[in-house]
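Have a look at the structure below, then the notes.
The values are calculated or read from the model by the stated rules, or taken from the named source; none is laboratory data. Please read all numbers here as calculations on a predicted model, not as lab measurements. Cβ placement follows ideal geometry from the backbone for every residue including glycine, while neighbour counts extend to all protein chains displayed.
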Amino acid sequence: MKLGILTLLAAVCFLSAAQIHAQTNYPNVEDGTTGWGSCSDCAGGSSKAAAYWMAQFQSNPSLSGTSTEFFISGNQPYANALFWRRIGAQDWATYYNWDFWVYVDRASLYANSLEYDFFQFVNHREYMFGSQCDYTTGHWDIWNQATNQWVQTPIACHKLTPNVWHHIVWQYHRTPDTLMHYDWLAVDGSWYPLNWTEPSNWMPSGWTDNMGMQWQLDTGTGPLAFHEWVDKVNLKIW
């Protein structure tokens, strides 16, 4: 009798673990208070931002009641500021659905690009699923991690209308051959199948397994300062 109970308990525990790993959700990532970081000199711009900062729990503008605000100001054109949040290693996950809302001010119309990246560091590999709305070319770009270069896609990217919320959803997956698969993109309800593959690369020395997302603000030739807010940032992995 005791053996039967133990067997049943073991089966329940195994089933619970399997159900957890079937899909894990991270709601309202922007409200998390740990794992945040930012930089300008690491963000690849031709000049360093004069000022950049983030502020959480903003009530206006907001959809949920608390958004996170990012800001950049540059002394010279083409300054970048990168903001990220790491949420911890989940090495078992191979599929990712990143869903968030973004709001920009009118000065953002003069930006060079708006960048949105999801990343996973696992098994000594860096999977940087980078994307940017390139205001100079009018296209969405994705990231080739092996060559550290942007790759232009056929998907048109129109400048985000200021002072309204925009809904962006990316879905990706990785495969045992260490490739990054950009599956599809949705912007404000318009769905774009991509099915594009790019290589990952080795993780830099000293890095450890982790997972997270980042937002980068890139100034153009002027004005050299603008704001961006994000809200209802949700991640599903399986």
Fill in the blank from the handout: Picked from segment 103-118 (must be buried (at least 21 other Cβ atoms within 10 Å of the Cβ), out of contact with any Ser or Thr (no Cβ under 8 Å at 6 or more places or on another chain) and not hydroxyl-bearing (Ser, Thr, Tyr)), the residue nearest to Gln214 (Cα to Cα) is Phe118
Exercise for the section: Output the residue which, of all residues in segment 152-199 that are touching a residue at least 40 places away in the same chain (Cβ under 8 Å) and of a type in the set (S, T, N, Q), is farthest from Asp99 (Cα to Cα). Expected result: Thr178
Exercise for the section: Could you please let me know if Ala89 is under 24 Å from Gln23 (Cα atoms), at pLDDT 95 or above, aliphatic (A, V, I, L, M) and touching a strand residue (DSSP E or B) at 6+ places or on another chain (Cβ under 6 Å)? Expected result: yes
Practice task
Would you please name the residue that is modelled with the highest pLDDT, looking only at residues in segment 206-222 that are in contact with a Pro (Cβ under 7 Å, 6 or more places away or on another chain) and among the polar types (S, T, N, Q)?
Solution key: Thr219
Exercise for the section: Go through the residues of segment 73-86 one by one and say whether even a single one is among the aromatic types (Phe, Trp, Tyr), surrounded by fewer than 19 Cβ atoms within 10 Å (Cβ to Cβ) and more than 21 Å from Asn210 (Cα to Cα). Expected result: yes
Practice task
Those residues that are touching a His at 6+ places or on another chain (Cβ under 8 Å) and either among the aromatic types (Phe, Trp, Tyr) or part of a strand (DSSP E or B) (or both), I need them from segment 145-180; list them, please.
Solution key: Gln152, Thr153, Pro154, Ile155, Ala156, Tyr172, His173, Arg174
Fill in the blank from the handout: Picking from Ser67, Ser46, Ser59, the residue that is crowded, with 22+ Cβ neighbours inside 10 Å, of a type in the set (Ser, Thr, Tyr) and more than 15 Å from Ala225 (Cα to Cα) would be Ser67
Exercise for the section: Check off (1) within 14 Å of the chain's Cα centre (by Cα); (2) among the small types (Gly, Ala, Ser); (3) surrounded by fewer than 15 Cβ atoms within 10 Å (Cβ to Cβ) for Gly189 and give me the number that stays unchecked. Expected result: (1)
